[in-house]
Amino acid sequence: QVQLVESGGGLVQAGGSLRLSCAASGSIFNINAMGWYRQAPGKQRELVAHFTREGRTNYADSVKGRFTISRDNAKNTVALQMNSLKPEDTAVYYCNTFPMGLHWGKGTLVTVSS
């Protein structure tokens with residue numbers, strides 16, 4: 001299975017910031033494009049941000065201008081900087097390949113209070 005470990009979630013007030021990190025196995029990280037996904041309670045898992053195979057970034061309309069995806073090739077990590085957080089951002093956040101693979105990590109919970 002793919003090794004994917006998310007961290008950095010927590011409780012934050014609306015308007016605050018969090019930085020999520022994902023550690024991936026080197027063999028996967030070096031071959032595949034990566035992305036961040038989230039799943040709110042009772043809702044479908046959705047794609048939040050991702051890198052294309054060409055190295056460009058794409059964002060869901062709901063997070064454009066607020067979230068930034070980045071990667072550190074030396075550390076095999078992918079980060080998601082989340083600013084101006086809103087209560088509707090509350091969800092479990094996951095990293096995975098893009099297009100998504102079948103194996104998921106445990107995710108990290110982000111809770112934004114209003």
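The values are calculated or read from the model by the stated rules, or taken from the named source; none is laboratory data. Bear in mind that the values here come from a model prediction, so they are computed numbers and not experimental data. For neighbour counting, all protein chains shown are included, and Cβ atoms are generated from backbone atoms with ideal geometry for every residue, glycine included. Surface accessibility is based on the protein's heavy atoms, side chains included, excluding ligands, DNA and RNA. Shrake-Rupley method; radii C 1.70, N 1.55, O 1.52, S 1.80 Å.
A few notes on this one:
- Summing charges over neighbours of Asn83, with a neighbour being any other residue whose Cβ is under 10 Å away from its Cβ, gives +2 when K and R count +1 and D and E count -1.
- Heavy-atom surface of the chain, accessible at 1.4 Å and reported per residue (Å²): 55 Å²
- Percent accessible area from carbon and sulfur atoms, the chain, protein chains only, probe 1.4 Å: 49 percent
- Extension gain for the segment Gln3 to Ser84, taken as residue separation times 0.36 nm less the Cα-Cα distance, is 26.2 nm to one decimal.
- The gain in end-to-end length when the Ser114 to Leu11 segment is fully stretched comes to 36.0 nm, 0.36 nm per residue minus the alpha carbon separation.
- Gained length - Lys43 relative to Lys106, 0.36 nm times residue gap less alpha-carbon distance: 21.0 nm
- Under the simplified labelling scheme, the Lys75-Ala60 pair shows an inter-label distance of 2.5 nm, with each label point 7 Å from Cα along Cα→Cβ.
- Alpha-carbon Debye profile of segment 46-88, log10 I(q)/I(0) at 0.15, 0.25 Å⁻¹: -0.39, -0.94
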